[in-house]
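Enquirer: Before I ask anything, let me first share the structure, which is written out below as structure tokens.
The values are calculated or read from the model by the stated rules, or taken from the named source; none is laboratory data. Fair warning: this is a prediction, and the values are worked out from it, not measured in the lab. Here the Cβ positions follow ideal geometry from the backbone for every residue, glycine too, while neighbour counts run over all protein chains shown. What goes into the accessible areas is simple: the full protein's heavy atoms, side chains included, and nothing from ligands, DNA or RNA. Shrake-Rupley method; radii C 1.70, N 1.55, O 1.52, S 1.80 Å.
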Amino acid sequence: MKKACLLLLCAALLLGLCACGGTKEYTAETYAFDTVISLTAYCGSREEFETLRSAVFGRMQELHKKFDIYNEYEGLNNLCTVNRLAGQAVPVDGDILELLASALQAEKLTGGRVNIAMGRLFGLWKEARDTGVLPAEDAIRKAMLHGDPADVLLDRENGTVTLRDPEMALDVGAVAKGWAAGQAVRAADALERTNFVLSAGGNVVVRGLVKDRLWKVGIRDPLSQDGTGHAAVVEATDMALVTSGGYERNLTVDGRTYCHIIDPQTGWPADKVLSATAVCEDSGRADALSTALFLMDAEEGIAFARENGFRAIVIDREGTVWDSEDR
Ligand code: ADP
Ligand code: MG
């Protein structure tokens, strides 16, 4: 299972198991974006919950197919198709163009730290995690030559995307899940307003309240042995909270651990902090920002968050919690 670093705190949920303002707690799970996705909501009836569940999960599954870089699907040009046809203009739908536009914006905002054009480089590290063998320095250097975001051409008028560098590949792992979760919540907003939380492997979106109280979201303590300890708790409503952590999906060679977030400057995995959480209204933005924070040291990350108007909670290598809201 993909990192599950944001754990919903049970206190509020347990209270909610009984009837709550004429509503009951319902929960469901699905699998997409390589992770378990869970939805917990307070609804007046099972029917109401089913309508919500099908809108939210339906949108997540639809976007999963569009943003998949490993598999193609019949009748759909997705990002895997774009990568396979690198060098050509590939007709794609509006969701793909919007995701890529927002990812390219994030690249600028984060000073090149979050760079979806570096798929070749990230692919090398994925292979390393799968095989247990570190990539050759030479292969890293070569891959880094094919990751210029200026070579990703979006043509909204004609509805196409072109990777101008035929050796380039897109990897939207740092941004797609959060962006999709934001879209799924929008699909829910089109229905009657409900109180719910959507949690997708470290990407959490909370809507409304629990028993007239804010949702409580626990941020996993990366040093907790069994993964159940919390380093911090955030109370929020109508908010996205996304954590990037180095404690899952990693590779250990000769006693050294290499995580799945790669610094585009060096070509090597980041190791500045243990985890980084971004809190802001826009789920897609929070996903990009959490990955960017993971590539900064704690002090830099806190300053970056304050400059850009979002909340950052960073856990440094010693396990100390830094919160941009503490002054
Ligand atoms: P997760 O996918 O575990 O939620 P992140 O959102 O931080 O965590 O994204 C990490 C994924 O993004 C990696 O698995 C890889 O596919 C991709 N990636 C790694 N480093 C970068 C980077 N510097 N910029 C953009 N994408 C990256
Ligand atoms: Mg991210």
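Enquirer: Per 0.36 nm of contour for each residue apart, how much would the distance between residue 27 and residue 326 grow if the chain were fully extended, relative to their Cα-Cα spacing?
Expert: Extending this stretch completely gives an extra 104.2 nm.
Enquirer: Counting only protein heavy atoms and using a 1.4 Å probe, what share of the accessible area of the chain belongs to carbon plus sulfur, as a whole percent?
Expert: Within the chain, the accessible surface is 48 percent carbon and sulfur.
Enquirer: How large is the charge dipole for the chain, taken about the Cα centre, if only the Cβ atoms of Lys, Arg (+1) and Asp, Glu (-1) carry charge, to the nearest 20 debye?
Expert: Charge dipole, the chain, about its Cα centre: 420 debye, nearest 20.
Enquirer: Something else about it: What list of ³J(HN,Hα) couplings, whole Hz, do you get for the range 257-271 from phi and the Karplus terms 6.51, -1.76, 1.60, once you set θ to phi - 60° and write x for glycine and proline?
Expert: Per-residue couplings from phi come out as 9, 10, 8, 9, 10, 10, 7, x, 6, 9, x, 10, x, 6, 8 Hz.
Enquirer: Express the accessible area of the chain per residue in Å², computed with a 1.4 Å probe while the remaining protein chains stay in the model.
Expert: About 45 Å² of surface per residue is accessible.
Enquirer: Mind checking the dipole of the range 134-188: about its Cα centre, +1 per Lys or Arg Cβ, -1 per Asp or Glu Cβ, Debye to the nearest 20?
Expert: The calculation lands at about 340 debye.
Enquirer: Along the positive direction of the dipole of the chain (beta-carbon charges: Lys, Arg +1; Asp, Glu -1; about the Cα centre), which of 267, 149, 229 reaches farthest?
Expert: Toward the positive end, the furthest listed residue is 229.
Enquirer: Here is a further query. Measure up 65/272; 66/126; 65/126; 66/177 against 23 Å on the Cα-Cα distance and list the ones that go over.
Expert: 65/272
Enquirer: In whole Hz, with x marking every Gly and Pro, tabulate ³J(HN,Hα) for the range 312-327 from phi via Karplus 6.51 cos²θ - 1.76 cosθ + 1.60, θ = phi - 60°.
Expert: Rounded to whole hertz, the list is 10, 10, 10, 10, 7, 5, 8, x, 6, 8, 10, 10, 5, 8, 7, 10.
Enquirer: Under a cut-off of 13 Å between alpha-carbon atoms, report the aspartates and glutamates in cross-link reach of residue 211, not counting same-chain residues fewer than 8 places apart.
Expert: The qualifying aspartates and glutamates are 25.
Enquirer: Just for the Cα atoms in the range 153-264, what are the lengths along the principal axes, largest first, rounded to whole Å?
Expert: Result for the range 153-264: principal-axis Cα extents of 54, 51, 15 Å.
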